[in-house]
Amino acid sequence: LRVVDAAGNAATDTLLVIVNDTEAPVIGDVSFSPMDEDTLWELNLKPFVSDNDPGFFDSYEAEWTLTDPWDHTHELDDLAPLFEFTEPGIWHAEVNVYDADGNMATTEFVIYVNDITSPVISVVEPGPFEDEGVEVAWDASGTTDNDPEWSTGAVFTWGWEPLLQPEGDSGTSDGAVLTRAFDTPGTYEITLTVTDAAGNSAEWSSMINIYDVTPPVVDLGEDRVVDEDTLVWFDIIVTDNHPLFPTGAETFTWTIVDPLGTEWDLYGMRTSFTFLDPGIYTVTAEVADAWNNEGSDIINVTVQDRTPPGAVGDLIVKDDGVGKVFLEWSPSTAPDVAGYRIFRKEGQDGTWVEVATLGPTVTSYEDKVEPGKEYRYRVEAFDTDDNVAPPTEHAYDAVEPGTEGQFPWWMIVVAFILGLAIAIAVGEARLRKQKGREKDEDILPSDEDTLEAVEIEDEVDGIGDLEEAPEDPEEVSTIEAMSIAGLAEMDTTPASEWEEDR
């Protein structure tokens with residue numbers, strides 16, 4: 001204050017007035033952009049704070065309390081501190097700001113911290129070798145991440161595919177645990193990708209070898225029928241569930257067993273064998289793959305007998321009476337003879353005709369022929385497979401009846417017929433004579449004898465008209481002798497018996 005009097009004299013005095021600050025600083029709405037974890041950031045709060053004291057920013061104080069997602073607190077000071085967020089997620093901030101007079105303003109806000117850290121994959125896996133068709137599992141539930149809420153939005157993506165073989169099982173699956181049974185053997189690569197909610201991902205891979213426990217499928221085709229002494233080739237068709245087959249196949253073994261039990265071992269994918277003897281053979285093919293799984297197939301080979309039996313020997317053809325011939329031969333020595341066939345033809349230009357089929361133990365045959373003709377006979381042996389031996393032939397001339405040196409058997413038949421006719425005629429004559437006696441008792445005994453002789457003579461003459469008498473004197477004598485003997489015998493027969501016979 002300055003005071004001046006009339007004379008111009010002045011006096012001055014100074015008064016200091018202190019005005020106390022009673023207003024707190026003003027903090028606006030604080031908003032920070034999301035910040036990456038593990039990065040040093042300046043948390044500058046000055047743009048959001050104001051105060052009525054012009055010298056506020058020279059004398060303020062600030063206290064920070066940061067709470068991370070794990071509920072851990074961190075203390076800071078200053079309006080623009082430096083801080084590194086080690087955990088992603090939402091951080092809660094509480095800041096107290098004081099001016100020089102101790103007026104305080106408080107604010108709370110959140111800070112979003114970006115997750116830029118990939119998950120850490122942990123997998124419990126099966127052994128490196130497992131059998132096909134057996135269920136195995138990979139468990140990645142032990143995977144961790146720095147985000148405490150990461151498992152809520154985490155994504156597990158599994159994959160598997162053949163690693164060395166061109167074919168096999170392949171696919172993908174989700175979830176923390178992979179369970180899988182492989183039907184195709186081989187080596188597989190198993191992969192896993194884990195992605196957290198922030199899009200950070202980690203990858204993992206491993207291998208597993210799936211053992212082949214399935215034997216190969218062997219196919220030899222249908223049973224075969226071949227001729228003996230024939231070279232036969234065998235091709236084998238083999239399939240296996242392993243994509244690399246037949247690479248690594250160990251053996252192709254063939255076993256051939258003949259009807260007597262003798263075995264032959266052959267090797268290779270293709271083989272041949274000569275079947276020398278007839279019968280039924282078994283052919284077995286065995287295939288072992290690289291894992292020593294064995295598959296097999298068996299067929300029967302029927303070897304047909306194409307060798308004819310030995311021919312019969314010593315064929316003899318001889319006369320066996322009127323109109324009959326007798327054949328006899330030595331049997332074939334072949335063990336499989338099934339029988340013999342008899343063929344006959346007439347003359348040189350005739351046609352062979354089969355007249356009989358006989359069993360294997362029969363070595364003779366009787367045939368009927370016509371006298372006076374020329375015949376040829378053939379005997380063929382045949383076996384159980386109908387192989388026919390070379391025929392054995394023999395010529396034969398049928399003898400005419402009555403040829404010198406042979407008894408005329410036909411004369412016996414003629415004599416028998418004549419004798420029977422005479423006997424019948426005599427019987428009828430006696431019957432008529434008996435009836436004549438009953439009607440005429442005046443006939444003299446001498447007349448009776450005469451009548452009987454006449455009747456007998458008439459009957460004999462009647463028979464002679466029916467059959468011409470033989471010209472040979474010896475034959476006539478034979479017939480007469482037989483006739484006289486018959487008459488003598490008939491004379492002793494009573495007339496009553498002749499009536500009954502008639």
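Does any residue of the stretch 8-22 turn out to be among the polar types (S, T, N, Q), without any contact (Cβ under 8 Å) to a residue 12 or more places away in the chain and farther than 26 Å from Phe109 by Cα? There is at least one residue in the stretch 8-22 that is among the polar types (S, T, N, Q), without any contact (Cβ under 8 Å) to a residue 12 or more places away in the chain and farther than 26 Å from Phe109 by Cα. In this structure, is Thr157 within 31 Å of the chain's Cα centre (by Cα), not in a loop (DSSP other than H, G, I, E, B), not charged (D, E, K, R) and not assigned by TED's automatic domain parsing to the domain that holds Ile90? Criteria not met by Thr157.
Being small (Gly, Ala, Ser) and surrounded by fewer than 16 Cβ atoms within 10 Å (Cβ to Cβ) holds for only one residue in Ala80, Ala62, Ala24, and it is Ala80. Right, Glu75: modelled with pLDDT of 90 or more, surrounded by 14 or more Cβ atoms within 10 Å (Cβ to Cβ), of a type in the set (Asp, Glu) and not assigned by TED's automatic domain parsing to the domain that holds Pro148 or not? The answer is no for Glu75.
When every residue of the stretch 214-221 is checked against the conditions, none turns out to be part of a strand (DSSP E or B), within 26 Å of the chain's Cα centre (by Cα) and within 30 Å of Thr307 (Cα to Cα). The condition of being charged (D, E, K, R) and at pLDDT 90 or above does not hold for Asp5. Please verify whether the stretch 5-13 includes one or more residues that are in a strand (DSSP E or B) and of a type in the set (A, V, I, L, M, F, W, C). Checked the stretch 5-13: at least one residue is in a strand (DSSP E or B) and of a type in the set (A, V, I, L, M, F, W, C).
One residue stands out in the stretch 195-254 among those that are aromatic (Phe, Trp, Tyr) and in contact (Cβ under 8 Å) with a residue 60 or more places away in the chain: the one that is farthest from Ser141 (Cα to Cα), namely Tyr211.
Within the stretch 96-119, being farther than 21 Å from Glu37 by Cβ and part of a strand (DSSP E or B) holds for Asn96, Val97, Tyr98, Met104, Ala105, Thr106, Thr107, Glu108. Residues of the stretch 313-354 being among the β-branched types (Val, Ile, Thr) and either surrounded by 15 or more Cβ atoms within 10 Å (Cβ to Cβ) or under 17 Å from Asp383 (Cα atoms) (or both), which ones? Passing the criteria: Val317, Val322, Val325, Thr333, Val337, Ile342.
Looking across the stretch 334-360 at every residue that is in contact (Cβ under 8 Å) with a residue 24 or more places away in the chain and β-branched (Val, Ile, Thr), the one that is nearest to Ala395 (Cα to Cα) is identified as Ile342. Only one entry in Ser173, Ser122 is in contact (Cβ under 8 Å) with a residue 12 or more places away in the chain, in a loop (DSSP other than H, G, I, E, B), within 50 Å of the chain's Cα centre (by Cα) and surrounded by fewer than 17 Cβ atoms within 10 Å (Cβ to Cβ), namely Ser122. Taken over the stretch 135-180, the residue count meeting the criterion of being farther than 30 Å from Ile116 by Cβ and touching a Gly at 6+ places or on another chain (Cβ under 6 Å) is 3. Elements of the type strands (runs of 3 or more DSSP E) sitting completely within the stretch 289-382 and holding at least 2 residues that are in the same structural domain as Gly221 (by TED's automatic domain parsing), within 30 Å of Ser272 (Cβ to Cβ) and at pLDDT 95 or above: these cover 294-304.
The values are calculated or read from the model by the stated rules, or taken from the named source; none is laboratory data. A quick note: this is a predicted structure, and the numbers were derived from the prediction, not measured. Ideal geometry is used to build each Cβ from the backbone, glycine not excepted, and the neighbour counts take in all protein chains shown.
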